[in-house]
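Written out below as structure tokens is the structure these notes cover.
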Amino acid sequence: MEPILIYSTQKRFNDSSSDDMRYGDLPDSFLQNHLNLRDVSTVVNPYTMELISPFNHPQNRFYSPTPGKKISKQECIRLMFDDLRKLTLPFSFLGPYNRIIKEMFTHMQKTNGHTFSNATLNAALNHNIVSDNSSSSSIKRIKQILDKNINWQKRTLPAEVIPQITLNIKGGVLPKFTRFQDNFNGLGLAVHDTYSTEIYINELNINNNEYNASIRYRVQDHFGLDQNDIKSWEFNQFYFFKTWFVLQRSKSYGFKPFFTNMETVVTIKGKKNA
């Protein structure tokens, strides 16, 4: 059978028009004066390209406003990305997915905005879907409709059932990484919420009293920050997000954000009169 699209978000895939996909668009004066991004790193000043020591950092009680050693732009970039990877530790110290966020910053540093995909991230998506035992689970909501509407005599799923599946998914929750544990396993940083989702029935095999369905999820997120992100207290208090925003949005740097693609297939099994 041809795959059947049973759900699609309104937000489209590969949407580069959103603010979080912009890069190199803001002057340093705007970053400092309008977004309050003056103290953005404990390692280097990205505006003057001077090293920061413990004594010329504004938050040190013995602060002395003496200029640090001047370095090249390339060295400044290297130090900021190295610091970013180190700063992920408080958000990514648990579980098998904690290396993904570091890989994504390396990807941002070196690949000029190319799309990112990762087998471990696909596995995380799969686990997110199958471990959701709530009544809002998308995969449970698909199974609910399949269980009740398969035509066992003809061994088919009537076409008019597809809108019912779509509506039932809309009443639930799509897979995303906003659980409590995602604050510490790296997935809350690497993905967090998602931007676009498509769900397909890839295969549906119906036998005498049982069926087996392969459900394919395509999910995309944007690895980038928008202005609303950095204006929020939740983001603006951390050097991590401030450094990231400057590397992405400053006209002096302009590192490209990118699309993160995830994909997985989940199997549903059911029985007649279940």
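The values are calculated or read from the model by the stated rules, or taken from the named source; none is laboratory data. All values reported here derive from a predicted model rather than from experimental measurement. Every residue, glycine as well, gets a Cβ built from its backbone with ideal geometry; the counts of neighbours run over all protein chains shown. In case anyone asks, the SASA skips ligands and DNA or RNA and just uses the protein heavy atoms, side chains included. Shrake-Rupley method; radii C 1.70, N 1.55, O 1.52, S 1.80 Å.
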Based on this model, can you work out whether residue 140 counts as charged (D, E, K, R) and either in contact with a Cys (Cβ under 9 Å, 6 or more places away or on another chain) or over 25 Å from residue 205 (Cα atoms) (or both)? no
Discussion item. Based on this model, can you work out whether residue 183 counts as more than 23 Å from residue 98 (Cα to Cα), open to solvent by 40 Å² or more (accessible area, probe 1.4 Å) and not aromatic (Phe, Trp, Tyr)?
Written reply: no
So the helices (runs of 4 or more DSSP H) completely within segment 137-238 holding 1 or more residues that are in contact with a Ser or Thr (Cβ under 7 Å, 6 or more places away or on another chain) and within 20 Å of residue 268 (Cα to Cα) are 162-170
* Regarding residue 255, is this residue assigned to a loop (DSSP other than H, G, I, E, B) and touching a residue at least 40 places away in the same chain (Cβ under 8 Å)? -> yes
With respect to residue 240, determine if the residue is farther than 16 Å from residue 22 by Cα, in contact (Cβ under 8 Å) with a residue 24 or more places away in the chain and crowded, with 17+ Cβ neighbours inside 10 Å. yes
Across (1) within 16 Å of residue 205 (Cα to Cα); (2) open to solvent by less than 40 Å² (accessible area, probe 1.4 Å); (3) not hydrophobic (A, V, I, L, M, F, W, C), residue 156 clears everything bar (2)
Condition set within 10 Å of the chain's Cα centre (by Cα) and not small (Gly, Ala, Ser), scope segment 208-225, selection surrounded by the most Cβ atoms within 10 Å (Cβ to Cβ): answer is 219
Out of (1) buried (at least 21 other Cβ atoms within 10 Å of the Cβ); (2) modelled with pLDDT of 95 or more, the one residue 147 does not meet is (1)
Scanning segment 121-140 residue by residue, the ones that are over 25 Å from residue 103 (Cα atoms) and open to solvent by less than 40 Å² (accessible area, probe 1.4 Å) total 4
Those residues of segment 26-56 which are open to solvent by 10 Å² or more (accessible area, probe 1.4 Å) and assigned to a strand (DSSP E or B) amount to 26, 45, 50, 51
Notebook entry, point to check: Would segment 187-202 turn up any residue that is aliphatic (A, V, I, L, M), more than 30 Å from residue 257 (Cβ to Cβ) and open to solvent by less than 60 Å² (accessible area, probe 1.4 Å)?
Noted result: yes
